[in-house]
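Values quoted throughout were computed directly from the atomic coordinates according to the rules given, and no laboratory measurement underlies them. Owing to the predicted nature of the structure, the values given are computational and were not obtained by experimental measurement. Glycine also receives a Cβ, built like all others from the backbone with ideal geometry; neighbour counts cover every protein chain displayed.
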Amino acid sequence: MTEQSNQKEHLNVEEALGQSEAFFIKNKKAIIGGVIAVIILIAGFILYKNMYAEPREQKAQAALFKGQAYFEADAYEQALNGDSIGFAGFVKVADQYSGTKAANLAKAYMGICYAHLGKYNEAISALNDFSANDQMIAPAMLGAIGNSYAELNQLDKAASTLLDAAKKADNNTLSPIFLMQAGDILVKQGQLDEAIDAYTQIKEKYFQSYQAMDIDKYIERAKLMKK
């Protein structure tokens, strides 16, 4: 009976690890989609807010607006570097109109474009240059940076950045996603106590989130792996 029990325990751990791997891969992409949605929402707000701003800001907003169409059409190369019919690209908008709100937003677009193109070092650099204090936008950018580190296999930086993003967000929408991602990375690294802590935060603090529904099995998996 003991041997059968151990085999069953082993299978449960293997199954949980497989689910963790699938979740990690899925949500690296999903969070980028979430960031895109946030950016698009605030872009509209910024355009409206600055409609009557100084001429330089108006020009920057107009230049940024052209790139959003490429961005929303998943034409990330054109969004970044422009086209042959008058759009300069987010990279040049950020540089040419440095100091404007539009240029700042262009850096966020740049970071997500680079991430979609697999240029994760460039994504990290652009996203680090973006400045935001909003409770959704700032942690979403941190989460995107964390996922870029994960893609580069810099797992220590990925986990710590995702934990920071979860703490900064402190809401049921983003925090559980970042905590789950961080927990999965920590499990892969064998840092099981830290993983349990990340998962437990979801269970205790964000119990109304989708991730909390089956978080117990992730906590139990990490505990079993410690034996």
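Among the listed residues THR200, THR161, which satisfies the condition of being farther than 17 Å from GLY146 by Cβ and of a type in the set (Val, Ile, Thr)?
THR200
In the set TYR109, TYR76, TYR114, which member is under 22 Å from ASN147 (Cβ atoms) and touching a Gly at 6+ places or on another chain (Cβ under 7 Å)?
TYR109 is the lone residue from the list that is under 22 Å from ASN147 (Cβ atoms) and touching a Gly at 6+ places or on another chain (Cβ under 7 Å).
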